[in-house]
Amino acid sequence: MDEFEMNVVETMDETDRKCPQCGGVMDFDPTTNNLKCPYCDYEEEIKLDEEAPTEAEELDFFAAEHTANKDWGVETKTVLCEACGAESVYDALETSGICPFCGSNQVMEAQAKDTIAPGGVVPFKVNDKQAAEYFQKWISRQFFCPKLAKDSARPDRFQGIYLPYWTFDSNTRTSYNGEYGIDKRKKKPNGETYTETSWYRTHGNHQEFIDDELVFAGKKQSEFILKRLEPFDTKDNKPYKPEYIAGFVSERYSIGLKDAWEKAKLSIRGKLRRNIEMNVRRQYNADHVRNLSLNTNFSDITYKYLLLPIWISTFKYNDKVYQFMVNGQTGKVSGKTPISIPKVILTVVVALILLFLFMSMGD
């Protein structure tokens, strides 16, 4: 993880989450975007500073080491799971004896570390009941999942988690060279037809602005599952206020800003390659593109550190636990399910039969 020299805000603007009616602790309510008391249903609007920005600010990437702030705006504590190694950030009013990621009760309070405070939060819009409904619809559509598993799958209690993400903006300028191919149908003397591809050299420049390239800043969660929860509407964020994460757990980032930018560049270059290839195909009405070589320069790089909303839960089938996640903003579901081997075998057999019939018709 990258090392940062951070300015520390000395004053602590702690959030008063005590309910004025009953004294209970209020949590953020996704259905109203207010703080709500779970005991007496008292609600309180989250007030924003009129002079404050309406969303998380873009920060200069190269000035990050000198301007980053570690104050979360509320007294926090970090809990370390000895079973899976996940580090969760709670405010001082929250307690937990169970890891929200793996369900282990082998948790202990960890020593505080200097970490950059979130710049913004994408608040939950989906509550736990809605997440359960989205899960049931999702698992019913999993073709290779055994029917018994679909009928019996009941998610355990949902845990709302804010996971850490970096986003990056950048202007890009790419010079490229490669080859494009155009197919032509030709006929042999015996009447058979075949395809001949003519290849031509090409080169050029491509300019593109990259907006909010998303990089997960953790290591403990399945990136395979998380990637399938995207996209998030990262523009629909609020400047960080501790009220927005009240009642939820926040995972601390473990991939620093500089390492995240290296990951972002790999992803961006892949997108640029696809876009340039598409442009070359369109420009020359080409059928193929090959040997594409790119040289990309990045400029005006900015970043945001956002917390994105995820519901995490599990279900059990045949004594095995399967984890899944629900996008707390859109309701999109991703996860792992049991696989019916007979269904897989049947599908492969049918596919082979259809392929054989298709080839036979061609002959």
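Some notes on this structure:
- Among the chymotrypsin sites (Phe, Trp or Tyr not before Pro) within region 121-166, those in coil by DSSP and having at most 14 neighbouring Cβ atoms inside 10 Å are Phe143, Phe144.
- From phi via Karplus (6.51, -1.76, 1.60), per-residue ³J(HN,Hα) for region 321-328 in Hz, x at Gly/Pro: 9, 10, 9, 9, 9, 10, 5, x
- Packing here is the average count of other Cβ atoms within 10 Å per residue, and on that basis the peptides 224-230, 278-284, highest first, run 224-230, 278-284.
- Lysines whose Cα lies under 18 Å from that of Lys241, excluding same-chain neighbours fewer than 8 positions away: Lys18, Lys36, Lys47, Lys70, Lys77, Lys125, Lys304
- Net +/- balance of residues flanking Leu35 in space, Cβ distance below 9 Å, scoring K and R +1, D and E -1: -4
- Full extension of the chain segment joining Glu58 with Ala351 gains 100.5 nm, where the gain is 0.36 nm per residue of separation less the Cα-Cα distance.
- Length gained when the stretch Lys47-Arg290 is fully extended (0.36 nm per residue, less Cα-Cα span): 82.0 nm
- Under the convention that each Lys and Arg Cβ holds +1 and each Asp and Glu Cβ holds -1, the size of the dipole of region 284-363 around its Cα centre is about 400 debye.
- Set Lys137/Lys235; Lys137/Lys332; Lys129/Lys316 screened for pairs whose C-alpha atoms are more than 22 Å apart: Lys137/Lys235
- Alpha-carbon centroids, region 243-319 and region 116-154: separation in whole Å: 23
Readers should treat all values here as calculations from the given coordinates under stated rules, not as data from a laboratory. All of these numbers come straight from a predicted model, not from anything done at the bench. Cβ atoms come from the backbone with ideal geometry, glycine included; neighbour counts cover every protein chain shown.
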